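Worksheet: one structure, shown below.
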Amino acid sequence: ELAVPVGQRQRLNEEVLPFSAFLTDNFGRRHSYLRISLTEKCNLRCQYCMPEEGVKLTPRSQLLSTSEVLTVAQLFVREGVEKIRLTGGEPLIRPDVLDIITELRKLEGLKTIAVTTNGMNLARLLPKLKEAGLDLLNISLDTLVPAKFEFIVRRKGFHKVMEGIDKAIEMGYNPVKVNCVVMRGLNEDELLDFVALTEKKPLEVRFIEYMPFDGNKWNFKKMVSYQEMLDRIRQQWPSLEQLPLGKTDTAKTFKVPGFQGQVGFITSMSDQFCGSCNRLRITADGNLKVCLFGNTEVSLRDVLRSGASDQELLDIIGAAVGRKKKQHAGECLNISLYLLLLLYAFVLFYMYF
Ligand SMILES: C[S@@+](CC[C@H](N)C(=O)[O-])C[C@H]1O[C@@H](n2cnc3c(N)ncnc32)[C@H](O)[C@@H]1O
Ligand code: SF4
């Protein structure tokens, strides 16, 4: 696939877009949201994400240092990034996380600093995180049953995560987003309990369709689709109403009338949101990924360490953004899903008629 050179995109965009040509791709998507992975390490071993023995870690010298993270962030913000999410691995185990947030807060133009965390260290760190300037929190929690928590994440800590969630509410984060990966036979029976949690708490529980990642033993049957989840919730709360969808929202959100909180669905498998994707990702070792599902990465770390100028860095970023595909390879999965359903419908048809 040929990329339109940045120069040409710049001219094109100058006429129609008040936004960086480097961060605008060939399909007009403006990338104003950057996710930075601060570490590959994690203090949990969720079955759907990491093997029991952990992942092979990159030597520390090859990870982005504090100042490199900030240099890259500054460059992206200057070009129009308005939201940065710190993730990982587990971002809150990185010792300089507070310094990074404090410095990010000083960047003019950066409207939102968010963190996605497993919540294990959250209650302890939250006052300092807030003071440093953290705006938004996503906390991962896949079950409300302590023993099941231990089974899913292969560690103890359920009460610590709950404490983190309650503290986030107490400190005024609203909504506090709770990420819940739904897996058949594991936690699908807790869907309604999670929705019930939003009655008295200003939470946004986000049900995430289980995605295949390297070695997580994903299989089609384990995935519970958005439609299936919605149907089950609607049986209990028929008045569940859909909330308006923002232009770049990845979650489809709903609310039970009268409940304080709401629920959302991240439908990466059954209904992609590639068309409105405004995200770019930087891995802990400084690779820029233009798509979560793509394998192509370009090392910003190596460019930075070679003493390149901001302009050279921008050219490389612009070229990578220019190569971003219209849709990710997950579409194959969606098509397979569709074909499988079609086949199933035919079989049923022939069995009964
Ligand atoms: C990779 S984690 C990193 C941040 C932090 N450690 C946490 O767990 O929140 C980011 C999010 O990805 C989700 N995730 C990980 N593996 C997944 C999978 N196979 N399918 C769907 N979501 C997944 C997690 O539940 C979490 O909410
Ligand atoms: S999902 Fe988050 S908490 Fe769980 S193993 Fe992956 S990085 Fe760690």
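The values are calculated or read from the model by the stated rules, or taken from the named source; none is laboratory data. For clarity, every value in this text was computed on a predicted model and none was experimentally measured. A quick note on method: Cβ atoms are made from the backbone with ideal geometry, for glycine too, and the neighbour counts reach across all protein chains shown.
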Checklist entry - Can you tell which of Tyr173, Tyr210 is within 14 Å of ligand 2 (Cβ to nearest atom) and of a type in the set (Ser, Thr, Tyr)? => result Tyr210
Checklist entry - Can you pull out the residues in the stretch 123-136 that are out of contact with any Lys or Arg (no Cβ under 7 Å at 6 or more places or on another chain) and either within 16 Å of Arg94 (Cβ to Cβ) or crowded, with 19+ Cβ neighbours inside 10 Å (or both)? => result Arg124, Leu125, Lys128, Leu129, Leu134
Item to check | Matching option when the condition is of a type outside the set (A, V, I, L, M), more than 16 Å from ligand 1 (Cβ to nearest atom) and touching a Ser or Thr at 6+ places or on another chain (Cβ under 6 Å), among Glu103, Glu79 | outcome: Glu79
Checklist entry - Which of the residues spanning the stretch 50-76 are in a loop (DSSP other than H, G, I, E, B) and not small (Gly, Ala, Ser)? => result Met50, Pro51, Glu52, Glu53, Val55, Lys56, Leu57, Thr58, Pro59, Leu63, Leu64
Checklist entry - In the stretch 78-126, what count of residues is obtained for those that are among the acidic types (Asp, Glu) and in contact with a Cys (Cβ under 9 Å, 6 or more places away or on another chain)? => result 1
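When only residues in the stretch 213-249 that are part of a helix (DSSP H, G or I) and closer than 30 Å to Glu170 by Cβ count, which is nearest to ligand 2 (Cβ to nearest atom)?
Met229
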Checklist outcome for this item: Log entry, pairs with first residue in the stretch 47-59 being under 26 Å from Arg301 (Cβ atoms), second being among the acidic types (Asp, Glu) and within 12 Å of ligand 1 (Cβ to nearest atom), beta carbons closer than 7 Å, six or more apart or on different chains, reads Val55/Glu40; Leu57/Glu40; Thr58/Glu40
Next on the checklist: Could you list, ordered by first residue, the pairs with Cβ atoms under 6 Å in which the first is in the stretch 211-240 and among the hydroxyl-bearing types (Ser, Thr, Tyr) and the second is part of a strand (DSSP E or B) and at pLDDT 95 or above, at least 6 apart or interchain?
Outcome noted: Tyr226/Phe265
Item to check | Index of the failed condition, Phe158 passing every other in (1) under 19 Å from Thr87 (Cβ atoms); (2) crowded, with 19+ Cβ neighbours inside 10 Å; (3) not small (Gly, Ala, Ser) | outcome: (1)
Next on the checklist: On the basis of being within 21 Å of the chain's Cα centre (by Cα) and farther than 30 Å from Glu103 by Cα, does Ile152 make the cut?
Outcome noted: yes
Checklist outcome for this item: Counting only residues that are assigned to a loop (DSSP other than H, G, I, E, B) and either of a type in the set (A, V, I, L, M) or surrounded by fewer than 19 Cβ atoms within 10 Å (Cβ to Cβ) (or both), the stretch 251-269 contains a total of 5
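Step by step: first the residues of the stretch 27-49, then only those that are basic (Lys, Arg) and in a loop (DSSP other than H, G, I, E, B), then the one that is farthest from ligand 1 (Cβ to nearest atom). Which residue is that?
Top of the filtered list is Arg29.
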Next on the checklist: For the stretch 97-105, check the following and say yes or no: at least one residue is within 16 Å of ligand 2 (Cβ to nearest atom), touching a Pro at 6+ places or on another chain (Cβ under 8 Å), on the phi < 0 side of the Ramachandran plot and in a helix (DSSP H, G or I).
Outcome noted: yes
Next on the checklist: Take the residues in the stretch 178-229 that are of a type in the set (Phe, Trp, Tyr) and at pLDDT 95 or above; name whichever of them is farthest from the chain's Cα centre (by Cα).
Outcome noted: Phe194
